[in-house]
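J.: The structure that follows is given in the form of structure tokens.
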Amino acid sequence: MSIKKVGVVGCGLMGHGIAQVAAQGGCTVVVFETAEAALAAGLGRIDKSLAKLAEKAAEKGGSFDAAGVRARITGTLAKADLADCDLVVEAIVENLDVKKTLFAELGKLCKPETIFASNTSSFPIAAMAEASGRPSRFVGLHFFNPVQLMKLVEVVRTDKTDAAVFEAARAFGVACGKTAIACKDTPGFVVNRLLVPYMSQALLMLERGDASAEDIDIAMKLGTGYPMGPIELTDYVGLDTTLSILEGWVKAHPNEPAFTIPKILASKVAEKKLGRKTGEGFYKWQGDKKA
Ligand code: 3HC
């Protein structure tokens with residue numbers, strides 16, 4: 001079962017990166033968006049990233065075929081263009097009902113062999129797998145932000161995932177240049193199950209006044225070698241995304257003490273200070289850099 005043609009639903013923060021690394025891995029990619037402007041913005045991000053990778057390769061005396069990669073990616077506003085894909089990866093808004101509706105539609109639209117994958121951060125893969133009508137051909141493929149640079153993909157199987165489907169999805173992750181780890185369908189899989197409670201504990205420290213945001217971040221960078229501290233990382237991931245993950249978990253697992261919502265997080269989101277994407281969260285941002 002080899003994956004040659006990949007559909008990506010959503011060309012936003014994660015979707016554009018997934019489309020790009022799939023094309024870098026040699027796949028033909030169709031990336032779907034609902035609006036022309038969103039599609040153009042996502043493809044623009046791919047162009048910028050490819051140009052950066054080519055520049056970096058040239059600096060090191062090597063080469064990178066940015067035009068060749070780009071030629072394998074087509075944008076579309078028509079879902080029907082996904083019908084003959086070997087794999088469709090969903091990277092849309094983190095809303096379980098919206099995702100289930102999408103997969104129910106794709107289940108009817110795509111050829112019977114198509115494998116489905118969700119890039120969800122925190123929702124149960126099994127719920128989307130059931131909605132798709134083909135639970136044995138469904139996995140989680142959880143990439144990390146920025147997809148082009150982060151070297152991991154979590155490959156998530158449910159009780160119903162076919163072994164050959166899991167292997168094909170894992171091989172696809174490796175073709176995308178990632179190290180693939182296997183995980184069961186548990187809240188947050190491996191990374192977010194550890195990372196999100198860590199970020200929320202850092203925000204609780206800030207809320208209590210134990211230390212400043214800057215000192216918490218410096219502590220974790222220099223004390224543990226993390227590339228970003230937890231508060232900068234919350235800004236980087238998005239405060240709304242972090243809050244919505246925690247809200248979903250608190251609702252689904254009310255007795256799990258690791259899942260708590262810091263008031264400081266909810267109040268920043270209410271003020272629309274969502275982090276890097278809005279220019280301000282716990283820090284001020286200019287583009288991808290802290291101001
Ligand atoms: N494509 C191509 N090149 C890129 C790029 C992209 N998308 N993004 C950045 N670069 C380039 C930069 O332009 C820069 O080039 P330069 O050296 O010529 O200036 C180079 O890559 C390095 O970037 P930075 O200068 O920003 O330097 P860093 O060394 O700090 O690397 C980072 C950036 C990789 C983001 C690093 O800070 C890091 O690893 N941070 C932690 C990120 C993390 O933890 N991500 C996971 C979030 S959790 C998640 O995604 C799960 C979700 O479900 C919530």
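J.: Percent of accessible area on the chain owned by carbon and sulfur, 1.4 Å probe? Show your work: numbers first, answer last.
T.: On the way: 7720 of 13440 Å².
Answer for the chain: carbon and sulfur cover 57 percent of the accessible area.
J.: Sorting Asp217, Asp240 by accessible area (1.4 Å probe), largest first, what list results? Present the calculation step by step, with values, prior to reporting the outcome.
T.: Working: Asp217 5, Asp240 50 Å².
So the residues, ranked largest to smallest area, are Asp240, Asp217.
J.: Expressed in nm², what is the orientationally averaged projection area of the convex hull enclosing the Cα positions of the chain?
T.: Details: hull surface 61.8 nm².
For the chain, the mean projected area of the Cα convex hull comes to 15.4 nm².
J.: For the chain, find the longest principal axis of its Cα atoms and tell me its angle to the long axis of helix 213-224, 0 to 90°, nearest 10.
T.: So the helix axis and the longest Cα principal axis differ by about 70 degrees.
J.: Now for a separate question. Multiply the residue separation of Asp65 and Glu271 by 0.36 nm, subtract the distance between their alpha-carbon atoms, and state the gained length in nm to one decimal. Could the numbers behind the result be given before it?
T.: Numbers: separation 206, 0.36 × 206 = 74.16 nm, distance 4.32 nm.
Gain on stretching Asp65 to Glu271: 69.8 nm.
J.: Here's a follow-up. When the dipole is taken about the Cα centre of the chain, and only Lys, Arg (+1) and Asp, Glu (-1) are charged at their Cβ, what size is it in debye, to the nearest 20?
T.: Numbers: 35 positive and 33 negative charges, 75 e Å.
Here the size comes out at about 360 debye.
J.: What's the angle, to the nearest 10 degrees (0 to 90), between helix 15-24's Cα axis and the longest principal axis of the chain?
T.: Value to nearest ten degrees: 50.
J.: Sticking with this structure for a sec: Once label points are set 7 Å from the Cα along Cα→Cβ at both Ala258 and Thr76, what is their separation, rounded to one decimal in nm?
T.: Distance between the two pseudo-spin positions: 4.0 nm.
J.: Once both axes come from the Cα atoms, what is the angle between helix 239-252 and the longest principal axis of the chain, in degrees from 0 to 90, rounded to 10?
T.: Roughly 90 degrees, rounded to the nearest 10.
J.: Let me ask you something else. With a probe of 1.4 Å, find how much accessible area the range 104-254 has per residue, and write the answer as a whole number in Å². Numbers along the way, then the final one.
T.: Working: 6470 Å² over 151 residues.
Accessible surface, normalised per residue, equals 43 Å².
J.: In nm, to one decimal, how far is the modelled label at Lys284 from the one at Leu222, with both set 7 Å along Cα→Cβ?
T.: 2.5 nm
J.: What number in nm² do you get for the range 220-288 if you take the convex hull of its Cα atoms and divide its surface by four? Don't skip to the answer; put the middle values down first.
T.: Numbers: hull surface 20.9 nm².
Answer in nm², one decimal: 5.2.
J.: Now, a different point. Summing Lys, Arg as +1 and Asp, Glu as -1, what charge do residues with Cβ under 13 Å from the Cβ of Ser121 carry, Ser121 excluded? Don't jump to the answer; show the numbers that get you there.
T.: On the way: positive: Lys99, Arg193; negative: Glu90, Glu94, Glu154, Asp240, Glu247.
Neighbourhood net charge equals -3.
J.: Work out which trypsin sites (Lys or Arg not before Pro) in the chain are exposed loop sites (DSSP not H, G, I, E or B, at most 16 other Cβ within 10 Å) and give the longest gap free of them.
T.: Values: sites that count: Lys4, Lys60, Lys151, Lys160, Lys272.
Counting only loop sites that pass the neighbour cut-off, the longest clear stretch is 161-271.
J.: How high is the relative contact order of the chain, in percent, counting Cα pairs under 8 Å that sit 6 or more residues apart?
T.: Dividing the mean separation by the residue count of the chain yields 13 percent.
The values are calculated or read from the model by the stated rules, or taken from the named source; none is laboratory data. Note that the coordinates shown come from a computational prediction; the quantities given were computed from them, not determined experimentally. Ideal geometry is used to build each Cβ from the backbone, glycine not excepted, and the neighbour counts take in all protein chains shown. These accessible areas exclude ligands, DNA and RNA; they are computed on the full protein's heavy atoms, side chains included. Shrake-Rupley method; radii C 1.70, N 1.55, O 1.52, S 1.80 Å.
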